[in-house]
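Here is the structure we will look at.
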Amino acid sequence: MTTTLQQLLDALTDRATAPAASVAIEDITGALAHLGRALTGLTDDGLTPADTSRQRTATELGAACVTAGRLWPRTGGPLTDLAGAAADLVGRDRPVLGRAHRWAVTVELAEVADHSAGLASRLLPQAAVAEMSAVRQLATAVERDALADPPTAASFVVLDRLVPPPDPPHRDAAPSALDASAALVATLDRIQRDGDNLSLRDFRAAVAAAEIASRCAATVAAAATGDDVGPLLVTGLAWQLAGRTSTAFHDGHRAGTADPRGVVAWAQALAGALRAEVAPRTDISALRDRSDLPSTADRVRQVTAQLPALGDRLAAAVERWSRTGRLVVSARDLQPVENMSADRIDAVIAGRHVMARGADLGQLRRVVDRAADLSTGLAGALHRALTDPMQRHQVDRHTRGVQTPGLTERLLDRSQATEHAITAIRSPRHVAREAPPSR
């Protein structure tokens, strides 16, 4: 089952706030220790440019959670497992989180810590309540700050980034759009982690899938809000431009049978699943009348939340090409540069192909970066169209309780597998490109 950080935190909150919660105190303190670990990592990276009350309060909350987590020995349990998987997800995404993203995650972690400490206070003897009271007071301060200055919808997108199961479904199993999008990003992660060059065929397949996902998201957002779809289509056009810009380059690979678990296969699976649910050219009024619009829109929203991460991987691939000189291009197709070498001038005159390095890939890098940034904005727009981000966790829990009983148990069953998946798809640390809401 594909999992997100938001789902893990919601499942943890569900268990901590259940009317008749039956849980050991060691399980609660174990969960608080993991929440403290996640908060400490976020505050170490920084929530604000300078030392502020927000930064200090969140730092103190992380320390308070760690202190509370030491009150009892670690014995494991449902809460500990869910919190541990959530903390590992936060750690996995730290290299690509901007300040706005870190603030959004901190707010969600603070709420979960508040509920967990509240449950512990009902179980602990009076002598040990002080540590839990400190957690609750600091968590309340963070939540109060969030009410005055709430995270943006775009920054909440990071909570919906998908983590595929350790063994993704086979291509022949007709995976869902969620599974396919998670597997696509994970496959790009694997290629980057192994130090391999992404082929142009894979690059173009991923870009095409991003274009289709963007167009579907624009259609769904327009249907859900009643707004004009025109401005929302800009993201799809940006991905289309990225694909067209890449056609000037060649890498010498001949098209062959695609790897059934490779980028091309997962991109095709994602495109097929999205087309089956909502064709990019679907009449918006007809879509608005569909009874399954809310559930369809929520699935499309989660897929759209993966596009910024996909854009980061594709931008990293272009950066690697610029260093390795893996691609060739007609010298006449390159943009003119100052102080062009004599060899390059001769190549332009003769119409020869040259290795593309450095600035030769600047235009492709810019259009990919632009498409990734626009994807962040589109994901935020779709997020706002569906729910108020500050109340989303409450809506999600209500929806799960009505429509999908047992989801918490299924998430718990997969929490250990999720930790293995995180290890398997962990990408190397790199200098992240700050998304617009993080600046």
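The values are calculated or read from the model by the stated rules, or taken from the named source; none is laboratory data. The model shown is predicted, which means the values in this text are computed figures rather than measured ones. Here the Cβ positions follow ideal geometry from the backbone for every residue, glycine too, while neighbour counts run over all protein chains shown.
Tell me yes or no: at least one residue of segment 35-43 is among the hydrophobic types (A, V, I, L, M, F, W, C), closer than 17 Å to residue 137 by Cβ and assigned by TED's automatic domain parsing to the domain that holds residue 136. Full working, then the answer.
Applying the first criterion (among the hydrophobic types (A, V, I, L, M, F, W, C)) to segment 35-43 yields 35, 38-39, 42.
Subset that is closer than 17 Å to residue 137 by Cβ: 35, 39.
With the extra rule that they be assigned by TED's automatic domain parsing to the domain that holds residue 136, the set shrinks to 35, 39.
Within segment 35-43, one or more residues are among the hydrophobic types (A, V, I, L, M, F, W, C), closer than 17 Å to residue 137 by Cβ and assigned by TED's automatic domain parsing to the domain that holds residue 136.
Quick one: count up the residues across segment 235-257 that are touching a residue at least 12 places away in the same chain (Cβ under 8 Å) and over 30 Å from residue 332 (Cβ atoms). The qualifying residues number 1.
If we only count helices (runs of 4 or more DSSP H) wholly inside segment 279-349, which ones have 2 or more residues that are at pLDDT 85 or above? Even if it seems obvious, please write down each step before you answer.
Working: elements: 284-288, 293-304, 307-324.
Qualifying helices (runs of 4 or more DSSP H): 293-304, 307-324.
Among the residues of segment 316-335, those identified as within 28 Å of the chain's Cα centre (by Cα) and surrounded by 18 or more Cβ atoms within 10 Å (Cβ to Cβ) are 316, 317, 318, 321, 322. For segment 67-83, a tally of residues being within 26 Å of the chain's Cα centre (by Cα) and either surrounded by fewer than 24 Cβ atoms within 10 Å (Cβ to Cβ) or free of Cβ contacts under 8 Å to residues at least 24 places away in the same chain (or both) returns 1.
Among the helices (runs of 4 or more DSSP H) lying completely within segment 95-161, list those that include at least 3 residues that are surrounded by fewer than 24 Cβ atoms within 10 Å (Cβ to Cβ) and among the polar types (S, T, N, Q). Steps first, answer last, please.
Working: elements: 99-123, 129-148, 153-156.
Result: 129-148.
For every residue, the table says whether it meets (1) charged (D, E, K, R); (2) touching a residue at least 24 places away in the same chain (Cβ under 8 Å).
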residue	(1), (2)
3	no, yes
10	yes, yes
14	yes, yes
18	no, no
39	no, yes
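Restricting attention to segment 100-132, the residues that are out of contact with any Asp or Glu (no Cβ under 8 Å at 6 or more places or on another chain) and among the basic types (Lys, Arg) total 1.
Suppose we keep only residues that are small (Gly, Ala, Ser) and part of a helix (DSSP H, G or I) within segment 184-211. Which one would you say is nearest to residue 161 (Cα to Cα)? Filtering segment 184-211 for residues that are small (Gly, Ala, Ser) and part of a helix (DSSP H, G or I), the one nearest to residue 161 (Cα to Cα) comes out as 186.
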